[in-house]
Structures are given as structure tokens and as C-alpha cells.
Amino acid sequence: NQTLAFIQTLNTTAKLKGINAGVSGTGTELGSCRVKEQILQYNPDLVFVEFAVNGGSNEAMEGIVRQIKKHNPQTNICFIYTIAGEQYKQYAKGEVPAKIQGFEKVATYYNLPSIHMGLYPSLLESQGKLIWKSNVDVDGKIVFSKDGTHPATAGGNLYAQAIARAFTSFKTKTEIPTQEIPKLLYANNNWEDGNMFTPEQVGTFSKGWQYIKPIENANLKAFAPWFTTI
């Protein structure tokens, strides 16, 4: 919501709509299968892609990019990298977490911008100005999160500020996304044809199988916005 509000300030006459298509705890493979049904149907002008914490393969990340570009070469894509665990120690040492390095290969190949949202909080932690994990407030210091992964209010603000700083620099760029889609970076295991299918489209079932509506099942309810039946 903060990101959408900030981008709106850059063009107050535009009518913007933000769609949160994230599914907690999932990686690039599921993402590459969901992108057609749950993102591209809205014909987005800009897509943020974030899998730095939950990971997945570079091949599936490339599949996400190629599906978006095949749908509309003019669509802008921006990778954003959140942070979890002890990744902040790597940033503080001037290093980049291995998984993010892999995704950066895809970003570089397709000339996509990326935003390391965990970099500045990591530097603040190394300077003694930020506590990475705490269940209580600490006087004079920013508490980034309560669990070491999901930002508290102050940590979320740092994430939003990172995007705002990046977009402020993007304003100086006039480059238009290229129409041409390059050859596959990972040709041997590509996910550019990832898709979602209902079970009856791809399988034959013996007796005893039945459809369940996640909205009616307490254990599955969280997935109801994305999967109407199981």
C-alpha cells in the first residue's frame, strides 16, 4: 500500500490499482505457474517480483519474466529483494546472499532493475542503530521485526523507503523496455510455459476423489483467493 501511494504521487492524474498476488511461503516454481492466471489477466503496466526469502530456481524466475514479456513487451518488471534469517550479516560485509545473486543473473540478462530492500537495514544493524529481532521496543533503536523475517511497522517503513529511493532515481531514466525477447538464458530447464490447470484438465481419477472448496475448509481457507477448488 505504501508503494502504491508513493507511485501515485509521481503521477497524480493517473488512476492506479495495485494487486497483491503473493502467496506466502512459496517460490519461483509456483510463481511461474500462477503468473498467467493471477497476474497477466489484469494487463499490468508494472510487476514487482519477490522471491529472495522463499527462493526457487533461476530457471523459474526466468519463466516468470518471459511470460510477462510475451504477454506485453512494454510491461515493466522490477525485482525486489526482502531479507530473512542472517542474510543481513552478508549485506553488512558487502556481500550479496547466494540466492539473490542467482536472481540477479536473470535481472542482468533481461536488463531489469532490482531493489535490495534489506541492504540499508543491514547497514543500520551493523552500526548499532537497529535491532533485527525483538518482541519489545528498544529505546533509541529501530526494531526491524519480531521474528527475524516479517518486518514490524518500522521495518516495513524501511522497505517502503528503499522502493521510494529507487523510484526517485528511476525518474531520471527514459529508456523504454525493449520489444525483443532474447533467447533463453536457461534453455535446458525453462519454465516459460508454466500454467495453472484444474485437476480434471490433466488427470483421470479413480472413485473416491471429490472437490473441496478451500473457502469452506479451515486448514485451506488462506488459499481460497487463488485456488477456488482442490
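The values are calculated or read from the model by the stated rules, or taken from the named source; none is laboratory data. Computed from a predicted structure; not experimentally measured. For neighbour counting, all protein chains shown are included, and Cβ atoms are generated from backbone atoms with ideal geometry for every residue, glycine included. Surface areas here come from the heavy atoms of the whole protein model, side chains and all, with no ligands, DNA or RNA. Shrake-Rupley method; radii C 1.70, N 1.55, O 1.52, S 1.80 Å.
Observations
- Only Lys, Arg, Asp and Glu carry charge here, each on its Cβ (+1 for the first two, -1 for the last two); on that basis the chain has a dipole of about 280 debye about its Cα centre.
- Rounded tilt (10° steps) of 98-109 against the dominant C-alpha axis of the chain: 70
- Cα gyration tensor, the range 123-164 - rounded (a/c under 1.5), prolate or oblate: oblate
- Restriction of the trypsin sites (Lys or Arg not before Pro) in the range 145-230 to DSSP coil positions whose beta-carbon has at most 11 other beta-carbons within 10 angstrom yields LYS171, LYS173, LYS183, LYS207.
- Cα gyration tensor shape for the range 1-95, rounded if a/c is under 1.5, else prolate or oblate: oblate
- Filter on LYS36/LYS69; LYS69/LYS221; LYS99/LYS141; LYS17/LYS213; LYS105/LYS183; LYS89/LYS146 - keep pairs with C-alpha separation over 21 Å: LYS69/LYS221; LYS99/LYS141; LYS17/LYS213
- Across the range 1-57, the convex hull enclosing all Cα atoms gives 91 Å³ per residue.
- Set of aspartates and glutamates with alpha-carbon distance to LYS133 below 12 Å, sequence-local pairs under 8 removed: GLU86, GLU125, ASP147
- Kirkwood Rh and Cα Rg combined as Rg over Rh, evaluated for the range 109-203: 1.17
- Kirkwood radius and radius of gyration were both taken over the C-alpha atoms of the range 177-227, and their ratio Rg/Rh is 1.19.
- An ellipsoid equivalent to the chain, defined through the eigenvalues of its Cα gyration tensor, has semi-axes of 31, 24, 18 Å when rounded to whole angstrom and sorted largest first.
- The residue list LEU30, ALA98, CYS78 was ranked by how far each Cα lies along the charge dipole of the range 1-104 toward its positive end, using unit charges on Cβ atoms, and CYS78 comes out on top.
- In terms of overall dimensions, the range 65-141 has a Cα radius of gyration and Dmax of 16.0, 51 angstrom.
- Helix-only mean residue ellipticity at 222 nm for the chain, each DSSP H run of n ≥ 4 adding -39500 (n - 2.57), per residue, nearest 500: -10500 deg cm²/dmol
- Rolling a 1.4 Å probe over the protein heavy atoms leaves HIS150 with an accessible area of roughly 120 Å².
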